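Notes to accompany the following structure.
Every number in this text was worked out from the coordinates using simple rules, so none of it is lab data. Note that the structure is predicted; figures quoted are calculated from it, not measured. As a convention, Cβ positions derive from the backbone with ideal geometry for all residues, glycine included, and neighbour counts pool all protein chains shown.
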Amino acid sequence: MLLNLTILPGDGIGPEVTEQAVLVLQAVADAFEHETRLQRKHIGGAALAAVNDPLPPDTIKACLSSSAVLLGAVGSPAFDHYPNHLRPEAGLLRLRRELGAYANLRPAVLFPALEDCSPLRPEVVRGTDLMIVRELLGGLYFGEPRSISEAAPTDRVAINTMRYSESEIQRIARVGFDLAMRRRRKLLSVDKANVLECSRLWREVVARVGKEYPEVKLSHQYVDSAAMSLVQNPAEFDVVLTENMFGDILSDQAGGIVGSLGLLASASIGGPVGLYEPVHGSAPTIAGKSIANPLGAILSVALMMRHSFRLETEAECIERAVSSVLDRGWRTADLAPKGKATASTQQMGIEVVKAIRAHAGVRQTSAESMA
């Protein structure tokens with residue numbers, strides 16, 4: 001199979017973690033005899049520095065002509081004073097819209113070797129394996145009108161609009177229920193229906209869609225209560241369905257629960273081209289120090305194999321490789337106990353590649369023996 005990708009290294013630690021993810025991608029492609037076609041483009045602060053546009057037209061064109069897009073990270077304090085439409089994050093929001101990526105999948109899995117990295121007791125966090133399904137193109141992040149009024153300089157007024165249509169809720173709900181059917185058949189819909197009209201519509205529509213999936217146990221919970229439950233009983237969660245901002249917040253919380261935000265991958269799907277990126281930001285304070293955790297970016301490649309290319313075996317190969325590397329004690333700085341030796345970004349990537357090659361060798365030997 002041809003794996004035709006656009007690579008957007010982005011800002012801060014983005015290029016560092018993306019480099020390791022690409023090496024893993026190539027190792028998997030070689031092991032399973034796939035062809036790769038990669039093109040690299042600018043986004044965010046890197047694009048602003050190059051052409052004064054956080055999402056240049058040639059980047060959009062390249063992404064739309066690909067089968068999938070791998071993104072590093074976007075954001076830099078150097079551009080904080082820029083107007084909203086020229087900030088690095090504006091490029092990311094535009095990219096999501098251009099790709100039609102309305103469904104953001106954010107798995108949070110506790111690897112057994114990392115029980116000691118969670119701030120929660122091992123018996124509480126053990127077995128955590130949840131999927132947050134975040135609506136990605138609506139809500140406060142995209143709603144209009146939005147503004148900061150300059151009419152009264154001593155008492156300015158800022159406006160953001162939370163907006164959802166019935167059709168937007170229906171389509172993301174079906175993604176959540178379809179995933180639940182392939183997992184443990186439990187779906188929690190998170191909202192704030194006691195105070196928000198958007199959430200009342202959300203709850204009504206999700207409940208209606210849920211009737212199409214009688215095998216899935218549907219429940220509803222307010223976001224503040226869900227945040228508390230996520231800390232108290234994380235292993236009880238299966239699929240969490242929620243709107244844009246709530247999903248953004250809860251997925252970061254889930255990252256802390258399983259040990260580090262650096263472990264979390266994401267897939268943004270729904271349109272013709274999927275977008276894959278680690279959940280963490282650009283982390284400019286550690287950029288260039290070779291201490292960033294590349295596993296979120298690497299696991300994003302696994303999600304790409306699964307959701308864009310329907311290559312489940314390849315996806316599982318990457319996930320098993322990451323797990324085996326952690327089992328052998330390799331840790332980047334965010335995962336290592338204080339005072340313990342740590343692996344660099346590059347070392348962690350190399351170890352995952354080695355594990356993939358070792359697994360592929362076992363797979364080939366087994367196939368040969370069967371022949």
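Taking the number of Cβ atoms within 10 Å of each Cβ as an exposure proxy, the fewest-first ranking of Ser324, Ser167 is Ser167, Ser324. For Lys61, the lysines whose Cα comes closer than 26 Å to its Cα, not counting residues fewer than 8 places off in the same chain, are Lys41. The H on the amide N of Gly274, modeled in the peptide plane, is under 5 Å from the matching H of Val69, each at least 5 residues off or on a different chain. Would you work out which of Asn194, Ile132, Ala158 lies farthest towards the positive end of the dipole of the range 119-257? Charges go on Cβ: Lys and Arg +1, Asp and Glu -1. Of the listed residues, the answer is Ile132.
Please list, by residue number, every one of the trypsin sites (Lys or Arg not before Pro) in the range 248-317 that is coil in DSSP and has at most 14 other beta-carbon atoms within 10 Å. Answer in residue order: Lys289, Arg310. Our Cα-only numbers for the chain put the radius of gyration and Dmax at 20.7, 79 Å. Running Debye on the range 196-258 with equal point scatterers at the Cα sites and no solvent, what base-10 log of I(q)/I(0) appears at q = 0.14, 0.22 Å⁻¹? Once normalised to I(0) and log-transformed, intensities are -0.45, -1.02. The modelled label-to-label distance for the pair Ile148/Met228, using points 7 Å beyond Cα in the direction of Cβ, is 3.4 nm.
Using the Cα centre of the chain as the reference point, and only Cβ charges (+1 on K/R, -1 on D/E), how large is the resulting charge dipole? Debye, rounded to the nearest 20. In total the dipole reaches around 340 debye. With K and R counted +1 and D and E -1, the other residues having a Cβ less than 14 Å from that of Phe246 yield a net charge of -2. Computed from backbone phi, the HN-Hα couplings of the range 274-289 come to x, 10, 10, 7, x, 6, 5, x, 7, 6, x, 5, 10, 4, x, 9 Hz, rounded to whole numbers (Karplus: 6.51 cos²θ - 1.76 cosθ + 1.60, θ = phi - 60°; Gly and Pro given as x). From the square roots a ≥ b ≥ c of the eigenvalues of the alpha-carbon gyration tensor of the range 119-257, which class results: rounded (a/c under 1.5), prolate (a/b over b/c), or oblate? Verdict is oblate for the range 119-257. Other residues with beta-carbon under 13 Å from the beta-carbon of Ile132 carry, at +1 per Lys or Arg and -1 per Asp or Glu, a net charge of -3.
Antiparallel beta bridges, as assigned by DSSP with both residues in the chain, represent about 35 percent of the total such bridges. Among the trypsin sites (Lys or Arg not before Pro) within the range 196-252, those in coil by DSSP and having at most 11 neighbouring Cβ atoms inside 10 Å are Lys211.
The simple spin-label model puts a point 7 Å past each Cα toward its Cβ; for Arg185 and Arg328 those points are separated by 3.9 nm. Remark: relative contact order (the chain) = 22 percent; criterion is Cα-Cα distance under 8 angstrom and separation of 6 or more residues. Helical content alone sets the calculated 222 nm signal of the chain at -14000 deg cm²/dmol, taking -39,500 (n - 2.57) per DSSP H segment of four or more residues and averaging over every residue. For the range 1-77, the list of GluC sites (Glu not before Pro) that fall in a loop by DSSP and count at most 14 other C-beta atoms within 10 angstrom reads Glu33. Between Ala50 and Asn4, full extension at 0.36 nm per residue minus the direct alpha carbon distance yields a gain of 14.1 nm.
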